[in-house]
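The block underneath contains the structure these notes are about, expressed in structure tokens.
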Amino acid sequence: MKVVLGRDVRTFFTNFYGVGFRTLVVVLETVIFAFILSNAVPPGAVGRLTYLQFFALGSLVVSIFWASYNIGRDVYWDRESGYLNYLMSLPISRSEIIAGRSLGGSFRGILTALPLYVLAAILVPTTALNILESLGVLFVFALGLCGLGIMVSLSVREETRARLLNTFLSLVLIRSSTAIYPVVAMPVWLQVGARLNPVTYASDSIRSVTVYSQGSSVPVLDITIVLIFAALAGTIGSWLFSKMIEGGPTE
Amino acid sequence: MIEFEKLTKTFKTVVAVSELSLKVDDGEIFGLLGPNGAGKTTTLMMLCSILKPTSGTIRVDDVDVRLEPQRVRSLLGIAFQEPVLDSRLTVEKNLEFHADACRLPRDQKKQRIREVLTYLDMWDSRTQKAGKLSGGMKKKVEDAKLFVQEPRVAIFDEPTAYLDVPSRLKVWKRIESLKDQGSTIMLATNMMDEAERLSNRLGILSKGKLEAEGSPASLKDALPRGDVIEILIAGNIRSALDYLGKMVEVKQIIPLKPPNKLRLYVGHAETNLPLIMEALVKEGLRVDSVVVKEPSLDDVFLHYTGEIL
């Protein structure tokens, strides 16, 4: 499993400019977009946080989303290029391949988020323990995202269709959540969508966990829903992955 | 020893491999010879447990591939027909990944990668990303995986496709030295010279069926005695076909590519060639070239399958 996980982490950094550029975009968005918008959002609209703090913590979830969800695209590419056949010919068990890919995607997410944590820590008063706890929540959420990404990518056989579906789903899940804006700013119909969206629970729990030592309570419900999402998406994604492996990808 | 017993694989309605039974001895190079679509790659994929057989069994050293796939995979390695490399990683990192997955000790890994890449004239390209390599270089890296791994059973699927002549010779030598070190080699190829040079024994596959099996020499011995003449004719090939077909001296005629080339099977070329030439000239046909050959594996393949590779 270590070798599969290692490949995912290693290949992630071969795209150094891509990773760096994405991080820079998020930083700029926080510094410019969120900073300007924070003047327009009335105090109290996002709880005890300012909008700038709210956005900085939400952008951690967005970054993780892109990095981890995209492991599905890699799995799709492995299948199409024959690399999966190669992996299956190696003395590695099928479950190690599946677990390795999921963990690889999660680590990619965490690695992407790490530089953004520096910015978040500057903007949001927190403790090292709170950061570690929020990383734990994000890691679990990333596992679920990997499962979701694998699930979607393996359900579609045509590359363009898979890419479009992935882009569409990513946008819908992020934009209809509380990652970027608070639920009170949404129309009622979107609030309903946001409440059914796992990204909302991940964003809310990260915000609460990061600042809970300052008086916020532990978001038990939010974390539970993140755990349920990770278990469900991870299980279905792994099941689809193992089904494809056992059926033989070249059939 | 590798044993295939009544191995069958069907894809929906297509029978890719049909009731294949075969034994490959320890330390030999066994060649699977056949055109594209004959079932060679499918057979090898089942051996590596990438594909599940529809029926039948494969055993490697008495271990059933279906029951203990991971144990079997720890004994073997495969170099695929189409190179399978991570295009984002360098040549060296691709080989390191393979060595790590095969649990090669760290010091051995480094030393073997260096030695193999140097042997294949690729040491200077070690830091290049695999995606930037030419087709031939990718193929060499694919083969290099097994040269680094030195598995107990090494499977090569068309190991010298896309390679230039010097590289082909190097790869052949290395496959032979793998065998000398004790590896059992399974080689799928549709190149006669490769099969003849490397294989101790050959299996001829056609449309998923094993048509014949034996050493290259014994397979050639099974052919009807005689010689092979290849003639390039300028002019109407149809009338030449009709005319030569009526000659009792000509046992069989096969039209080749280019379309005005014919392969004739005759008893003795020395006595029959002048008669054939005379007859063609009489018919007003010009002969551009004539080659007299000993029967080759090409002819063996034709004999058993009725097809030309």
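The table below gives the values:
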item	result
Matching residues, the stretch A:104-126, being open to solvent by less than 40 Å² (accessible area, probe 1.4 Å) and in a helix (DSSP H, G or I)	A:Gly104, A:Gly105, A:Ser106, A:Arg108, A:Gly109, A:Ile110, A:Thr112, A:Ala113, A:Leu116, A:Tyr117, A:Leu119, A:Ala120
Number of positions in the stretch B:97-127 that are facing chain A (nearest Cβ under 10 Å), modelled with pLDDT of 95 or more and loosely packed, with under 14 Cβ neighbours inside 10 Å	0
B:Val287 vs. criteria outside any loop (DSSP other than H, G, I, E, B), hydrophobic (A, V, I, L, M, F, W, C), open to solvent by less than 50 Å² (accessible area, probe 1.4 Å) and under 26 Å from B:Arg201 (Cβ atoms)	no
Looking only at the stretch A:169-188, and only at residues there that are in a helix (DSSP H, G or I), touching a helix residue (DSSP H, G or I) at 6+ places or on another chain (Cβ under 8 Å) and under 13 Å from A:Val62 (Cβ atoms), the one that is most open to solvent (accessible area, probe 1.4 Å)	A:Leu173
Yes/no for B:Lys23 being surrounded by fewer than 23 Cβ atoms within 10 Å (Cβ to Cβ), of a type in the set (Lys, Arg) and in a loop (DSSP other than H, G, I, E, B)	no
Whichever residue in the stretch B:85-96 is outside any loop (DSSP other than H, G, I, E, B) and of a type in the set (A, V, I, L, M, F, W, C) and, among such residues, is surrounded by the most Cβ atoms within 10 Å (Cβ to Cβ)	B:Leu95
The stretch B:23-37 residues that are more than 21 Å from B:Gln181 (Cα to Cα), paired with ones that are assigned to a loop (DSSP other than H, G, I, E, B) and hydrophobic (A, V, I, L, M, F, W, C) (beta carbon under 7 Å, 6 or more apart)	B:Pro35/B:Leu309
Criterion violated by B:Thr43 - all others in (1) over 27 Å from B:Ser134 (Cβ atoms); (2) open to solvent by less than 10 Å² (accessible area, probe 1.4 Å); (3) within 12 Å of chain A (Cβ to nearest Cβ) satisfied	(3)
Extreme residue, nearest to B:Asn36 (Cα to Cα), among residues of the stretch B:52-70 that are part of a strand (DSSP E or B) and within 13 Å of chain A (Cβ to nearest Cβ)	B:Val60
Which numbered condition B:Leu219 misses (of (1) open to solvent by less than 20 Å² (accessible area, probe 1.4 Å); (2) assigned to a helix (DSSP H, G or I); (3) over 28 Å from B:Glu28 (Cβ atoms))	(3)
Where A:Gly44 falls short, out of the listed (1) free of Cβ contacts under 8 Å to residues at least 24 places away in the same chain; (2) outside any helix (DSSP H, G or I); (3) at negative phi	(3)
Selection from the stretch A:169-212 of residues that are free of Cβ contacts under 8 Å to residues at least 12 places away in the same chain and under 15 Å from the mean Cα position of the chain (by Cα)	A:Leu171, A:Val172, A:Arg175
Filter result (without any contact (Cβ under 8 Å) to a residue 12 or more places away in the chain and open to solvent by 50 Å² or more (accessible area, probe 1.4 Å)) within the stretch A:136-168	A:Arg157, A:Glu158, A:Thr160, A:Arg161, A:Leu164, A:Thr167, A:Phe168
Residue check for B:Asp288: at pLDDT 85 or above and more than 28 Å from B:Ala195 (Cβ to Cβ)	yes
Set A:Tyr76, A:Tyr83, A:Tyr69: member being closer than 28 Å to B:Val65 by Cα, away from chain B (no Cβ under 14 Å) and open to solvent by less than 20 Å² (accessible area, probe 1.4 Å)	A:Tyr76
A:Arg48 being among the basic types (Lys, Arg) and within 14 Å of another protein chain (Cβ to nearest Cβ)	no
Considering residues of the stretch B:71-84 that are facing another protein chain (nearest Cβ under 8 Å), of a type outside the set (Asp, Glu) and part of a loop (DSSP other than H, G, I, E, B) only, the residue nearest to the chain's Cα centre (by Cα)	B:Phe80
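Here's the yes/no breakdown for (1) open to solvent by less than 20 Å² (accessible area, probe 1.4 Å); (2) touching a Ser or Thr at 6+ places or on another chain (Cβ under 9 Å):
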residue	(1), (2)
A:Asp8	yes, no
A:Phe13	no, no
A:Leu28	no, no
A:Leu49	no, no
A:Leu52	no, yes
A:Ala56	yes, yes
A:Leu60	yes, yes
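Conditions tested, residue by residue: (1) within 17 Å of A:Ser106 (Cα to Cα); (2) within 11 Å of another protein chain (Cβ to nearest Cβ); (3) of a type outside the set (A, V, I, L, M, F, W, C).
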site	(1), (2), (3)
A:Val4	yes, yes, no
A:Thr11	yes, yes, yes
A:Val25	no, no, no
A:Leu60	yes, no, no
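Listed here are the residues, each with its yes/no results for (1) under 27 Å from B:Ala217 (Cβ atoms); (2) out of contact with any Leu (no Cβ under 9 Å at 6 or more places or on another chain).
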| site | (1), (2) |
| --- | --- |
| B:Gly235 | no, no |
| B:Met247 | no, no |
| B:Gln252 | yes, no |
| B:Ala269 | yes, yes |
| B:Met277 | no, yes |
| B:Pro295 | yes, no |
| B:Asp299 | yes, no |
| B:Leu302 | yes, no |
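The values are calculated or read from the model by the stated rules, or taken from the named source; none is laboratory data. Worth saying up front: this structure is predicted, and the values here are computed from it rather than measured. We place every Cβ from the backbone using ideal geometry, glycine too, and count neighbours over all the protein chains shown. When the accessible area is computed, the model is the full protein with side chains, heavy atoms only, and any ligands, DNA or RNA have been set aside. Shrake-Rupley method; radii C 1.70, N 1.55, O 1.52, S 1.80 Å.
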